[in-house]
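These notes are about the structure you will find just below.
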Amino acid sequence: MQITRRRLMATGTAALAASGLPRIGWTQTTLRMGDTEITTLSDGTLSLPAEFIFGPMPSGELAQVLAPYGVDPAAPLTPPCNLTLLRRGDVLALFDAGSGTQFMPSAGMLPDALAAAGIDPFDVTHVIFTHGHPDHLWGVLDDFDEPYFANAEHMMGGVEFDYWMDDATVGSIGAERAAFAVGAQRRLSVVADAMTRFGDGDEVLPGVVAALTPGHTPGHMGFVIGEGAEAVMVLGDAIGNDHVAFARPGWVSGSDQDPEAAAATRLAMFDRITADDMGVIGFHLGHGGIGRVEAYGEGYRFAPIG
Ligand SMILES: [Zn+2]
């Protein structure tokens, strides 16, 4: 057993988790594909000003597009955060690490979700990142700034890793995202030695292929698990909500660092997903985040299985 400061202090918590407390909905949705089981786990929710996503969108049409979803274009957004857990044989792989305790009080709940699912973070074998934003990366360290998944191989796209580790990024990313850059570099520096970097098209695990999907961040990666209509794509934030990103994927979004590139990526992803009839798992999609994509009006809609 790995001994860390967190482990020494966690005994009481583990006993509590095992004591049969009611299971509140931490485990979101489960999908079985052959010998692979995919489950989403909740890290909680974010709270974002509406303009963070809707700022650059045409306000009149936006209200019409959002009406069927019950989303108020002026009210704060509270997107869910769904981490993807893949189990197959000895592999216990997480896609992204959640927010940790230093981003937003409504997020960083992954430790509770893991405990409810009976998973010890020390048993996680791989942590595979879509990108380096706080809600995906900051949970990589515990409150003692030690790796939370101490025995896992950490994996991130090489473009994305290099971007956040570049000292110039904090000065070029813009004031509103400067804290993201400082926070990412600090955390990635701790796990850099345990970090495997991969590229577009690389097989990060057997049957799991990385897909460069840039725009939300420079080196954002999605992942295709399985093949053809049996496949499911981990979207990360390249398709970042289940309302306007589906209904108008070509619209630029304020949440994307390079909005034009992100819109082009989204359109290409929807083409690929619908052509291959793939399932999808979205980090910020509702109802547990696993579902299918259906053509709908000018765009698409999310049909959750959860
Ligand atoms: Zn996110």
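The values are calculated or read from the model by the stated rules, or taken from the named source; none is laboratory data. These figures come from a predicted structure and were not determined experimentally. Quick reminder, even Gly has a Cβ in these numbers, built from the backbone with ideal geometry, and neighbours come from all protein chains shown. The protein model used for the area step is the full one, side chains on, heavy atoms only, and it has no ligands, DNA or RNA in it. Shrake-Rupley method; radii C 1.70, N 1.55, O 1.52, S 1.80 Å.
Amide H contacts for Thr29 (H built 1.01 Å from N in the peptide plane; partners 5 or more residues away or on another chain; cut-off under 5 Å): Thr40.
3J(HN,Hα) along the range 66-80: 7, 3, x, 8, x, 9, 7, x, 10, 8, x, 8, 10, x, x Hz, from the Karplus curve 6.51 cos²θ - 1.76 cosθ + 1.60 with θ = phi - 60°, whole Hz, x for Gly and Pro.
Probe radius 1.4 Å, ligands and nucleic acids ignored: give me the carbon and sulfur share of the accessible area of the range 110-173 as a rounded percent. Mind showing how you got there, number by number?
On the way: 1010 of 2020 Å².
Carbon plus sulfur share of accessible area: 50 percent.
Distance between the pseudo-spin-label points of Tyr296 and Leu48 (7 Å out from Cα toward the beta carbon): 1.8 nm. Considering helices alone, the calculated mean residue ellipticity of the chain at 222 nm is -7000 deg cm²/dmol, with DSSP H runs of length four and up weighted by -39500 (n - 2.57) and normalised per residue. Taking every DSSP beta bridge with both residues inside the chain, roughly what % is antiparallel (nearest 5)? Antiparallel bridges make up about 75 percent of those DSSP assigns within the chain. The GNM of the chain, with springs linking C-alpha atoms under 10 angstrom apart, assigns the highest mean-square fluctuation among Ala295, Ala152, Ala107 to Ala295.
Between Thr274 and Asp162, what length in nm is gained on full extension when 0.36 nm per residue of separation is reduced by their alpha carbon distance?
Length difference between fully extended and current span is 37.1 nm.
Proximity of backbone amide H atoms, modeled 1.01 Å from N, is registered between Leu77 and Leu48, Ala50 at under 5 Å, excluding neighbours fewer than 5 places apart on the same chain. Applied to the range 205-221, the Karplus parametrisation 6.51 cos²θ - 1.76 cosθ + 1.60 on θ = phi - 60° returns per-residue 3J(HN,Hα) values of 9, x, x, 10, 10, 6, 10, 4, 9, x, x, 4, 9, x, x, 4, 10 Hz, with x for Gly and Pro.
What the phi angles of the range 87-93 give under the Karplus curve with 6.51, -1.76 and 1.60, with θ = phi - 60°, is a coupling list of 10, 7, x, 7, 8, 10, 10 Hz, glycine and proline written as x.
Using a 1.4 Å probe, what is the accessible area per residue for the chain, in Å²? Working shown, then result.
Numbers: 12970 Å² over 306 residues.
For the chain, the solvent-accessible area averages 42 Å² per residue.
In the distance distribution for the range 116-238, Cα-Cα pairs more than 26 Å apart total 21 percent.
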